[in-house]
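Peer 1: Quick one: the structure is below, and I'll ask about it shortly.
The values are calculated or read from the model by the stated rules, or taken from the named source; none is laboratory data. Keep in mind the model is a prediction, meaning the values are calculated, not measured. A quick note on method: Cβ atoms are made from the backbone with ideal geometry, for glycine too, and the neighbour counts reach across all protein chains shown.
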Amino acid sequence: MELNGAVAIVTGGSEGIGRAIAEALNTEGCLVTITGRREDVLRAAADEMDVEWIAGDVGLETDAVRTVAEVIAQHGRLDILVNNAGYGIFKPLVEMELGELEGVYRTNVFGAFLMAREAARQFVKQESGELINISSTSGLKGGRGSTAYSSSKFALRGMTECWRDELRRSNVRVMLVNPSEVLTDFAAKVGRNQESSDKKLRSQEIADAIVGALKVDNRGFIPEFSVFATNPF
């Protein structure tokens with residue numbers, strides 16, 4: 001697709017992978033809006049990147065509906081949605097609380113669904129659109145202590161496959177991206193130690209891969225891809 005002038009929303013776009021994606025799309029000439037729950041952080045990031053911002057929680061239906069509606073009202077269309085917002089809780093099964101599991105699903109699964117639904121309504125109407133869901137290699141293979149996070153990404157992968165089949169008939173491309181370990185603040189936020197290394201992925205590699213996938217001519221698309229560090233050891 002032609003990125004210059006395309007209207008894009010990046011959820012969780014104030015930091016980490018989301019911010020790198022927003023910056024990359026902005027560099028390509030997209031009209032980018034980032035979203036997030038912390039208005040102060042969001043505003044500062046948007047000012048630094050020279051993009052637009054809308055504060056809100058993707059897991060709240062009213063916020064998701066409002067966010068997409070505001071972007072469409074301003075620009076008259078929506079071309080790209082990047083469902084990046086997400087977080088994790090990592091605990092053994094016997095220590096996991098129901099509320100913790102529900103919280104992860106509220107953002108990673110229900111939030112992605114709500115944003116995708118609202119964007120898809122516009123995509124179908126205009127018979128074009130790009131829906132990109134940021135999953136994880138944890139959504140391909142579970143592991144100990146990852147009940148909440150991995151299962152939410154497995155759910156996102158399943159929804160992506162359903163949406164891909166539904167929306168292809170309206171010329172909408174639905175893609176799933178599975179980053180491996182990326183050096184961001186994600187690990188620190190969930191109480192995990194992450195060893196820094198020049199060999200590990202940065203957010204920019206994920207953003208570059210997404211831009212490349214978007215630039216594929218609209219007659220074809222890359223339905224799913226993973227991004228691994230070449231030699232992280």
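Peer 1: In the range 144-162, which residue that is part of a helix (DSSP H, G or I) and among the basic types (Lys, Arg) is surrounded by the most Cβ atoms within 10 Å (Cβ to Cβ)?
Peer 2: Here is the first cut: in the range 144-162, the residues part of a helix (DSSP H, G or I) are 147-162.
Subsequent filtering for residues that are among the basic types (Lys, Arg) retains 153, 157.
Details: Lys153: 27, Arg157: 17.
Residue satisfying both the conditions and the ranking: Lys153.
Peer 1: Now for a separate question. Being surrounded by fewer than 19 Cβ atoms within 10 Å (Cβ to Cβ) and in a helix (DSSP H, G or I) is the requirement here; does Val104 meet it?
Peer 2: Details: surrounded by fewer than 19 Cβ atoms within 10 Å (Cβ to Cβ): no; in a helix (DSSP H, G or I): yes.
It is false that Val104 is surrounded by fewer than 19 Cβ atoms within 10 Å (Cβ to Cβ) and in a helix (DSSP H, G or I).
Peer 1: Follow-up. Kindly evaluate Lys141 against the criterion of being more than 20 Å from Gly16 (Cα to Cα), part of a loop (DSSP other than H, G, I, E, B) and without any contact (Cβ under 8 Å) to a residue 40 or more places away in the chain.
Peer 2: For Lys141, the condition - more than 20 Å from Gly16 (Cα to Cα), part of a loop (DSSP other than H, G, I, E, B) and without any contact (Cβ under 8 Å) to a residue 40 or more places away in the chain - is met.
Peer 1: Could you grab the pairs with beta carbons closer than 7 Å, sequence gap of 6+ or different chains, first residue in the range 186-205 and of a type in the set (Val, Ile, Thr), second one modelled with pLDDT of 65 or more?
Peer 2: Listed pairs, sorted by first residue: Val190/Gly88; Val190/Ile89; Val190/Phe90.
Peer 1: Ser128 passes all but one of (1) farther than 18 Å from Cys30 by Cβ; (2) surrounded by fewer than 21 Cβ atoms within 10 Å (Cβ to Cβ); which number fails?
Peer 2: Evaluating Ser128 over (1) farther than 18 Å from Cys30 by Cβ; (2) surrounded by fewer than 21 Cβ atoms within 10 Å (Cβ to Cβ) leaves (1) as the failure.
Peer 1: Out of Ala69, Ala55, Ala64, Ala24, I need the residue that is farther than 24 Å from Leu201 by Cα, surrounded by 21 or more Cβ atoms within 10 Å (Cβ to Cβ) and touching a helix residue (DSSP H, G or I) at 6+ places or on another chain (Cβ under 9 Å). Which one?
Peer 2: Unique residue meeting the criteria: Ala64.
Peer 1: Could you identify the single residue in Asp198, Asp217, Asp165 that is assigned to a loop (DSSP other than H, G, I, E, B), modelled with pLDDT of 95 or more, charged (D, E, K, R) and farther than 17 Å from Val10 by Cβ? Give the steps one after another, and end with the answer.
Peer 2: On the way: Asp198 fails: modelled with pLDDT of 95 or more; Asp165 fails: assigned to a loop (DSSP other than H, G, I, E, B).
One residue alone meets the criteria, Asp217.
Peer 1: Which of the strands (runs of 3 or more DSSP E) contained wholly in the range 5-81 include at least 2 residues that are within 15 Å of the chain's Cα centre (by Cα) and not acidic (Asp, Glu)?
Peer 2: 7-11, 31-36
Peer 1: While we're here: Could you grab me the full set of residues in the range 1-49 that are within 17 Å of Asn108 (Cβ to Cβ) and of a type in the set (Lys, Arg)?
Peer 2: Across the range 1-49, the qualifying residue is only Arg37.
Peer 1: Turning to a different aspect of this structure: Determine the pairs where a residue that is touching a residue at least 24 places away in the same chain (Cβ under 8 Å) and within 20 Å of Ala20 (Cα to Cα), located within the range 210-233, has a partner that is in a loop (DSSP other than H, G, I, E, B) and of a type in the set (Asp, Glu) with Cβ atoms under 8 Å apart, the partner being 6 or more residues away or on another chain.
Peer 2: Taking only residues 6 or more apart or on different chains, the pairs are Val211/Glu28; Ala229/Glu181.
Peer 1: Continuing with this model, one more query. Farther than 20 Å from Val10 by Cα and buried (at least 18 other Cβ atoms within 10 Å of the Cβ): which single residue out of Ser170, Ser138 fits that description? Lay out the reasoning, then the answer.
Peer 2: Values: Ser170 fails: buried (at least 18 other Cβ atoms within 10 Å of the Cβ).
The conditions single out Ser138.
Peer 1: Just to be sure I understand, how many residues within the range 59-101 are among the hydroxyl-bearing types (Ser, Thr, Tyr) and within 30 Å of Glu2 (Cα to Cα)?
Peer 2: 1
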